[in-house]
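The values are calculated or read from the model by the stated rules, or taken from the named source; none is laboratory data. Since this is a predicted model, take the numbers as computed values, not measurements. Quick reminder, even Gly has a Cβ in these numbers, built from the backbone with ideal geometry, and neighbours come from all protein chains shown. Heads up: the accessible areas ignore ligands, DNA and RNA and are worked out on the full protein's heavy atoms, side chains in. Shrake-Rupley method; radii C 1.70, N 1.55, O 1.52, S 1.80 Å.
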Amino acid sequence: MKKGDQTREHIIQKSAELFNQQGYAGSSLNDIIAATGIKKGGIYRHFGSKDEIALEAYNFAASTVGRKFNDAIGNETSAAGRLLAFFHVYEDVVDNPPFIGGCPLQNTAVESDDTHPSLRQRAQQGLISTLDRMKTIIHEGIQTGEFKDHIDVDALASFTLSLMEGGIMLSKLEGSNRHMAMNIASFTSYLQSCCLNNQ
């Protein structure tokens, strides 16, 4: 990778960490300069605006978490295990989140609602992508006979993501992983009682 490309990637990575912790609105250009160690002119050599940095930073953060989802899902052999893998990525969200600052999708969705249309659109794309991934897993579970065939796939995917994101928010706010732990236990029980075929 060329030096210029390395510098650009460095700005994106550090800005992603900054925005995910402080928010887009709460992070100034001076904050980006401090986080990257690159002067204003060097930053504007690679990006035309803070907005441009923000979009690339969100992509970086979301991709980082996405790879961790992929790794966790790849270690599971059952559809139920693959759904629970999403939760396990955030199991220690307080002390060891998959990306500094917590969930990029949640943070960006909350902050950009009605204030930053481009970022909101990226978060919407992330929402659709995550739900589609979950729905694919559920469909596979139905096809293999692991899940009951009358399951509402859309509803289960929405419930899964809502429960995970709620656990992330409550755990971060309280500073304790107990909400994620309770939601994992509750979701496991729900799958066993409502979704899985008795075999």
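Some observations on this one:
- Within the range 17-31, the set of residues being closer than 16 Å to H116 by Cα and assigned to a helix (DSSP H, G or I) comprises F19, N20, Q22.
- Of all residues in the range 72-115 being among the hydroxyl-bearing types (S, T, Y), touching a helix residue (DSSP H, G or I) at 6+ places or on another chain (Cβ under 9 Å) and not in a helix (DSSP H, G or I), the one that is nearest to L156 (Cα to Cα): S78
- Cross-chain or 6+ apart pairs with Cβ under 7 Å, the range 3-23 first and under 14 Å from L55 (Cβ atoms), then of a type outside the set (F, W, Y) and open to solvent by 60 Å² or more (accessible area, probe 1.4 Å): I12/E56; N20/I100
- Within the range 157-182, the set of residues being open to solvent by less than 30 Å² (accessible area, probe 1.4 Å), of a type in the set (G, A, S) and under 22 Å from C195 (Cα atoms) comprises A157, G166, G167.
- Conditions (1) under 15 Å from R82 (Cβ atoms); (2) open to solvent by less than 30 Å² (accessible area, probe 1.4 Å); (3) not small (G, A, S): number failed by L196: (2)
- Positions within the range 60-75 being over 18 Å from E9 (Cα atoms) and loosely packed, with under 15 Cβ neighbours inside 10 Å, in sequence order: N70, D71, G74, N75
- Selection status of T136, at pLDDT below 95 and part of a helix (DSSP H, G or I): no
- Count of residues meeting criterion [closer than 22 Å to M164 by Cβ and buried (at least 18 other Cβ atoms within 10 Å of the Cβ)] in the range 30-59: 1
- The criterion of being crowded, with 20+ Cβ neighbours inside 10 Å, aliphatic (A, V, I, L, M), within 18 Å of the chain's Cα centre (by Cα) and not in a loop (DSSP other than H, G, I, E, B) does not hold for L131.
Conditions (1) more than 15 Å from Y58 (Cβ to Cβ); (2) open to solvent by less than 70 Å² (accessible area, probe 1.4 Å), marked per residue:
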position	(1), (2)
N107	no, yes
E111	no, yes
P117	no, no
R120	no, no
E140	yes, no
D149	yes, no
